[in-house]
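The next block holds one structure in the form of structure tokens; read it before the comments.
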Amino acid sequence: MFEVIHKEPKEKREFKTIDIVRRLKVITADRIRLVGHPVAKPATIFNPSLAINGDQVRLYARIILGYYTYSSAVAQITLPLSDIYSNSNKFYEAEIKVYPDCKYDYWGVEDPRVYELEGELLMTYCGRTVNYFNPIIKHERTLPVTAAYKSGKWKKILVFRMPEKLKEYVISDKNAFLVKEDNELLLFHRLHLTDGKFYLTISKVSNNINTDQLEEIRVQDTLTAFEPADFEQKVGWATPPIKIDNENLILLHGVDRDTQSYRVFAVLTHDSKVAAITPNYIMAPKEIYEIYGDRPHVVFPCGAAKIDDTILISYGATDSVIGIGEIDISEIMSILDKNRL
């Protein structure tokens, strides 16, 4: 459907895991107290993004209050950075910050990616649209929505859609975040189309995204970054980029055809092109909470931040808990440098 920028990454990868992620902390729903909502505890909490603010960590996690429609919102948990590296089983307060309130996310606000872009804190999430459960309308079930942190609140500003002639082929559009490269604003996103295939895509976006109202943006010039390996059903963007020198380090997830397990690998990008890729997965479900839960065999990173010589990652495990881990920068860069394209 879309031109493939790189064919080499597909051929360079193998179905193998060398896990380099050190597990640091797990936070479960029973240790969360919701403030400002009569339901005191979420049914589950998972797929968090993160932002570092001095010596504090802000986790922006997907919560479920009940399983009837699996409708999600995003709640913020603030904790000391030191807690990440301790074995304490503290209880934390969480406050719902972004929730369904428009036709673009009527049935859920899912899987936030929080990141800075030109000094502004943004969150791009997967919105379950008003048509998500409509058996008649089978396109645009989900769309990427971006909110900006303004005056202490998250304000929804942008909804991204494919061009008019293509939108009827889009079943869902997920795993999205914005990247500025070579003075171009790009949307990294993952499309599921009516041909049954999943496309790891990069699209151009108008540079003028300053708005105080929720606006639709039609993306243009969509390209496929690279294709899944033969052993994978699909791949998707996982975390917003971490700047390493003049390149972007991005984690991705891959779902294998045999067991449907979610694993993690990494790429370096430069000028929207893949410059290097890990030949194997660097993280796979191995702890009991990553293997057994609401959706078994899932590690699903949504957040990443550079702290000294490590990358702190936040991830969802089995759609059931929050996991925090870290990756040694020199270790992952050594792997990537040996596998440049």
Got a sec to turn the phi values of region 183-196 into Karplus ³J(HN,Hα) couplings, 6.51 cos²θ - 1.76 cosθ + 1.60 with θ = phi - 60°, whole Hz, x for Gly and Pro? 6, 10, 8, 10, 9, 8, 7, 10, 9, 10, 10, 5, 7, x
What's the magnitude of the charge dipole for the chain around its Cα centre, counting Lys and Arg as +1 and Asp and Glu as -1 at the beta-carbon? Answer in Debye, nearest 20. 760 debye
Which order do the peptides 252-258, 5-11 take when ranked by the mean count of other beta-carbon atoms within 10 Å per residue, highest first? 252-258, 5-11
PRE zone check, label point 7 Å out along Cα-to-Cβ of ASP230, amide N under 15 Å, scope region 1-17, hits 8-16
Given the options GLU118, GLU110, GLU168, which has the most mean-square fluctuation in a GNM of the chain, springs set between C-alpha atoms less than 10 angstrom apart? GLU118
The computed P(r) of region 8-337 puts the percent of Cα pairs beyond 37 Å at 10 percent
Interchain or long-range residues, amide H under 5 Å from LEU166's placed H: none
Electrostatic dipole magnitude of region 187-341 [Cβ: Lys, Arg +1; Asp, Glu -1; Cα centre; debye, to 20]: 320 debye
SER330 to LYS204: FRET efficiency via 1/(1 + (r/R0)^6), r the Cβ-Cβ distance, R0 41 Å, to the nearest 0.05? 0.75
Can you compute the modelled spin-label distance between ASP309 and ARG218, with each label point 7 Å from Cα toward Cβ, in nm? 5.2 nm
With Cα springs under 10 Å, the Gaussian network model of the chain assigns the largest mean-square fluctuation among PHE300, PHE15, PHE177 to PHE15
Gained length - LYS243 relative to ILE52, 0.36 nm times residue gap less alpha-carbon distance: 67.3 nm
Extension length gain for SER82 and LYS16 (0.36 nm per residue less Cα distance), in nm, is 20.4 nm
R0 = 25 Å: FRET efficiency of ASP101 with ASP30, Cβ-based, nearest 0.05? 0.35
ASN183 to GLU8: extension gain in nm, 0.36 nm per residue of separation minus the Cα-Cα distance? 60.4 nm
Backbone HN-Hα couplings from phi across region 7-20 [Karplus 6.51/-1.76/1.60, Hz, Gly and Pro as x]: 9, 5, x, 4, 7, 7, 9, 9, 7, 7, 10, 10, 6, 10
Whole-Hz ³J(HN,Hα) for each residue in region 126-138, computed from phi via Karplus 6.51 cos²θ - 1.76 cosθ + 1.60 with θ = phi - 60°, x for glycine and proline: what do you get? 8, x, 7, 6, 4, 8, 4, 9, 6, x, 8, 9, 10
Given a Förster distance of 51 Å, the FRET efficiency implied by the Cβ-Cβ spacing of GLU118 and HIS139, rounded to the nearest 0.05, works out to 0.95
Counting other C-beta atoms within 10 Å, and keeping those with at most 15, which DSSP coil trypsin sites (Lys or Arg not before Pro) do you find in region 107-162? LYS138
Sorted by average packing, counted as other Cβ atoms within 10 angstrom per residue and highest first, what order do 276-286, 94-104 take? 276-286, 94-104
Determine the shape class of region 105-197: with a ≥ b ≥ c the square roots of the Cα gyration tensor eigenvalues, call it rounded for a/c under 1.5, and otherwise prolate if a/b is greater than b/c, oblate otherwise. oblate
Quick one: go through region 215-250 and flag any residue whose amide nitrogen is under 14 Å from the point 7 Å out along the Cα-to-Cβ line of HIS270. 244-249
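Every number in this text was worked out from the coordinates using simple rules, so none of it is lab data. Keep in mind that this is a model prediction, so the values were computed, not measured. Every residue, glycine among them, receives a Cβ derived from its backbone with ideal geometry; neighbour counts consider all protein chains shown.
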